[in-house]
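**Student:** One structure, as structure tokens, below. Some questions next.
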Amino acid sequence: MPRPPRTRPASRHAALFIDYAHLHARLTERLDAPADRAAACIREAARELRRYLADEDGIDTVRTVAYADFAALEARIGAEQDGLQHALYEAGIEPRFAPVSPGDDDLAAAMQFSVEATAFAHRRADVETIALMTGVRALRPLVQAIRKTGTHALVAALDPPASSSSSGEPHPRADDFMDVLRLLSDATRREVLPDDAEESGRREEAEEQPPAEHHERLDDEMLFRTLEVAEEHFGQYDEVYLTPLLRKLSDVLGERFDPKALVSGLEDAGAVRLEKRRGYPYDYTVLIVDRRHPDVQRMEEQFYDDAGRSRYERASAPSTADGYEEDAGYGPEADDDDVSDYEDAGYEEYDEGGPDRY
């Protein structure tokens, strides 16, 4: 008797599967850093990808698994016994033993990684996105298998594939692939990627030049209040994703004020700047507060003095990947113009199994 089709529940869940052995090997080849630095980069990328999913539209990553023969890997790179696994546990990542035979180039681990990711997609009705993190594997068959279950597949890889292969075979939804190195912070990329350091240095040098002529005093008290709202709810982040900020401004300030107009006023005065970022599934906009602006500095003085907060609270705030805070301001959301397109796309129903736990 055929099983009835099932639909997605209201809550939104994702799972992350990491082709750890392969990714670690390829990162070690690429990075200008010791081999153990690759492990830290993988943890950072996984943390950022989970935060990326959480803040895009409230997608909670319910499971993160990494596949490798960790004992063999630790011996190869001279790491402390069980050190890699302990670090993964502390980062909320489940290490999964995947035996490696000499000369197999981690293919056994890749097969286990693929089989378990596909099985998870079939068994968990509440998971709408499977994220896959790998090195230079395209994972075409795995992406197609996951999508056949009605689950969205996202691949974070080194040098993501183009929209078609060399044979002309179209790649399924090439926009669902992202560069894993872009998940690393600017500081990490400067440290481990020599080619990235020069470009980042030029950008920072340009940003450090204070454009005093663009610093206009805020002539509207609501602009000052907008800065306070941004600081109260998103001040712990260097970059604030625009969509959640606009929603929070609407909630706090009410319908009398247009949040986009307020942000534009701050931008015109040089108190903030807006920058576009490439992202999944859409490009998005971030707001960056210019903390050299005199009115921004005045706001900070009053805000932290009045509220009794520490000025260093921003630097010590927990990652939203750990807490998935409701007001989290770090992580992309679709721009307003893109939201309707995303909602219209939807997810198809499918008829595989019941909501068994994997």
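**Student:** Sort out which residues of region 55-94 are modelled with pLDDT of 90 or more and of a type in the set (S, T, N, Q), and write them in order of number.
**Tutor:** Listed by number, the residues that qualify are T61, T64, Q85.
**Student:** Still on this model: As an exercise: evaluate A187 against (1) loosely packed, with under 12 Cβ neighbours inside 10 Å; (2) outside any loop (DSSP other than H, G, I, E, B); (3) modelled with pLDDT under 80 and give the number of the one condition it does not meet.
**Tutor:** (3)
**Student:** List pairs: first residue in region 29-56 and over 11 Å from L184 (Cβ atoms) and in contact (Cβ under 8 Å) with a residue 60 or more places away in the chain, second residue in a loop (DSSP other than H, G, I, E, B) and aromatic (F, W, Y) anywhere in the structure, Cβ distance under 6 angstrom, at least six positions apart or on different chains.
**Tutor:** A54/Y324
**Student:** Next up: Against the conditions (1) in contact with a strand residue (DSSP E or B) (Cβ under 8 Å, 6 or more places away or on another chain); (2) at pLDDT below 90, where does R314 fall short? Just the number, please.
**Tutor:** If we test R314 against (1) in contact with a strand residue (DSSP E or B) (Cβ under 8 Å, 6 or more places away or on another chain); (2) at pLDDT below 90, just (1) comes out false.
**Student:** OK, next. In the list T285, T226, T243, which residue meets the criterion of being within 30 Å of L154 (Cα to Cα) and in contact with a Leu (Cβ under 6 Å, 6 or more places away or on another chain)?
**Tutor:** Among T285, T226, T243, only T285 is within 30 Å of L154 (Cα to Cα) and in contact with a Leu (Cβ under 6 Å, 6 or more places away or on another chain).
The values are calculated or read from the model by the stated rules, or taken from the named source; none is laboratory data. Computed from a predicted structure; not experimentally measured. Note that each Cβ is placed from the backbone with ideal geometry, even for glycine, and that neighbours are counted across all protein chains shown.
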